[in-house]
Amino acid sequence: MGYRVEQLENQRDRRFRRLPRLRVHNERTALHFVEDVGFCLVFTNRTQQLPCLWVAVCGRRDPVFPQHSHHDPELMLTWNLKDLLPARRRVYYGKLILGKPSMVSLAHFPDFYALHGPAHDEQYLYDYEAGRLSRAAKQIMDVLVEDHPLTTKELKRRTHLEASRSRPLFDQAIAELQRKLYITMIEARYEPTFTYVWDLLETWLPEPVARGREILRHEAVYRLSRQYLSVVYYASLAQTERVVGVPRVEVEEAAARLRGEGAIDIGAPIDGLPGTWVVWRQ
């Protein structure tokens, strides 16, 4: 079977909502978009290798990021949806994919949790003792386990990391705990001053976390690889590896299974692109 890049990009236009008639324009269509694609970036996606909520709001293939972002209606709608959907526990939001702000449907979040989340409630203590968690991250966890949810200001005060010189340490620890799926931002408050509210992830999304702890690792890799490839239509194994966040050998095993099922072609040339690709067949 021959593949052409423009034909595949036309398929992406529909799935990524890069057409005016399909664009995301409110909370309902945003949720439908995230649930359809499974997981996406929230803001600009220069690689074009993942769906993007902002691009879907724009409803066109190559939107230009605005210079005056606070006055741009498309960017402001995206920003509001970024706050609204997670606050209502409709999606997971965090820097989970490629280290960038991402949304994940609650149907697919357990698979990410199976790969990247803690196995049990006190895992952070073992991670700290083993050198896999920083001291500042442990301080934040100790406070949140005792009392949650808390604002950024309250967390800084209770962990004694409120001094300006401690800000990089605190920010790095928050990012670390989000990446390891220990905590999540549950609300952005704008009055009287802007702040985030943080909670333990297992408290905020108990059912997805419980499901994730029961999923076998190889099944999670398979399901996420399948969803990714079925949405983007073509990708490299390296791109799939980065999105799923696991070593290449695990992605190769999932790809071999998908090829055995007749779902993908591996090593396929695409007219208009260099090299060879993994292409979704169905």
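For Lys100 and Glu214 in the same chain, what is the full-extension length gain: residue separation times 0.36 nm, less their Cα-Cα distance, in nm? Provide the component values of the computation, followed by the final result.
Numbers: separation 114, 0.36 × 114 = 41.04 nm, distance 2.65 nm.
Between Lys100 and Glu214, full extension yields 38.4 nm more.
Would you kindly work out the equivalent ellipsoid of the chain from its C-alpha gyration tensor and give its semi-axes, the square roots of five times the eigenvalues, largest first in whole Å?
Working through the eigenvalues yields semi-axes of 34, 24, 15 Å.
To the nearest 10 degrees, how steep is helix 248-260 against the longest Cα principal axis of the chain, on a 0 to 90 scale?
With rounding to tens, the tilt is 40 degrees.
With n ≥ 4 as the cut-off for DSSP H runs, can you work out [θ] at 222 nm for the chain, using -39500 (n - 2.57) per run divided by the number of residues, rounded to the nearest 500? Please report the intermediate quantities before stating the final value.
Values: 14 runs with 138 residues, N = 282.
Helix-only estimate at 222 nm: -14500 deg cm²/dmol.
Note down the relative contact order for the chain as a percent, whole number, built from C-alpha pairs under 8 angstrom at least six residues apart. All intermediate terms of the calculation are to be shown ahead of the outcome.
Values: 439 pairs, mean separation 53.6, N = 282.
It comes to 19 percent, rounded to a whole number.
Need one number: nm distance between label points at Thr276 and Arg4, each 7 Å from Cα along Cα→Cβ, rounded to one decimal.
Result for the modelled spin labels: 2.3 nm.
Could you let me know the centre-to-centre spacing of region 28-73 and region 213-282, using Cα atoms, in angstrom?
Computed from Cα coordinates, the inter-centre distance equals 23 Å.
Cα gyration tensor of region 35-84, axes a ≥ b ≥ c as square roots of the eigenvalues: rounded (a/c below 1.5), prolate (a/b > b/c) or oblate?
It comes out oblate by the Cα gyration axes.
For His71 and Leu125, what does the FRET efficiency come to when R0 = 41 Å and r is the distance between their Cβ atoms, rounded to the nearest 0.05?
Details: r = 47 Å, r/R0 = 1.15.
Using R0 = 41 Å, I get an efficiency of 0.30.
Please check the chain for the longest run free of chymotrypsin sites (Phe, Trp or Tyr not before Pro) that are loop-located per DSSP (anything but H, G, I, E, B) and have at most 10 other Cβ atoms within 10 Å. Present the calculation step by step, with values, prior to reporting the outcome.
Details: sites that count: Tyr190, Phe194.
Result for the longest clean stretch: 1-189.
On a 0 to 90° scale, report how tilted helix 217-232 is relative to the longest principal axis of the chain, with both axes built from alpha carbons and the result rounded to the nearest 10.
Tilt relative to the chain: about 60 degrees.
Please work out whether region 106-156 counts as rounded, prolate or oblate from its C-alpha gyration tensor, where a ≥ b ≥ c are the square roots of the eigenvalues and a/c under 1.5 means rounded, while otherwise a/b larger than b/c means prolate and anything else oblate? Working shown, then result.
Numbers: a/c = 2.36, a/b = 1.28, b/c = 1.84.
Oblate.
Provide, as a two-decimal number, the C-alpha radius of gyration of region 1-129 over 2.2 N^0.38 Å, N being how many residues it has.
Against the compact-globule rule of thumb, the ratio is 1.18.
Figure the gain on full extension for Ala238 and Leu19 (residue separation times 0.36 nm, minus the Cα-Cα span) and round it to one decimal in nm. Show your work: numbers first, answer last.
On the way: separation 219, 0.36 × 219 = 78.84 nm, distance 2.81 nm.
This chain segment gains 76.0 nm when fully extended.
Counting pairs on different chains as well as pairs 8 or more places apart, how many Lys pairs in the chain have Cα atoms under 18 Å apart? Walk me through the numbers before you get to the answer.
Working: Lys82/Lys95; Lys82/Lys100; Lys95/Lys180; Lys100/Lys180; Lys138/Lys153; Lys138/Lys156; Lys138/Lys180.
Value for the chain: 7.
Ratio to report: Rg/Rh of region 239-279, with Cα atoms as the point set and Rh obtained by the Kirkwood method; give two decimals.
Numbers: Rg = 11.0 Å, Rh = 11.0 Å.
In region 239-279, Rg relative to Rh is 1.00.
Taking the chain as the reference, fit the longest principal axis to its C-alpha atoms, fit the long axis of helix 5-15 to the helix C-alpha atoms, and give the angle between the two in degrees, 0 to 90, nearest 10.
Its long axis makes an angle of about 50 degrees.
Which of rounded, prolate, oblate describes region 149-246, given a ≥ b ≥ c as roots of the alpha-carbon gyration tensor eigenvalues and a/c under 1.5 marking rounded, otherwise prolate only if a/b is larger than b/c? Kindly include the intermediate steps, with their values, before the conclusion.
Details: a/c = 2.50, a/b = 2.04, b/c = 1.23.
In terms of gyration-tensor shape, prolate.
Readers should treat all values here as calculations from the given coordinates under stated rules, not as data from a laboratory. From a predicted model like this one, the values you see are computed outputs, not experimental measurements. Backbone-built Cβ (ideal geometry, glycine too); neighbour counts: all protein chains shown.
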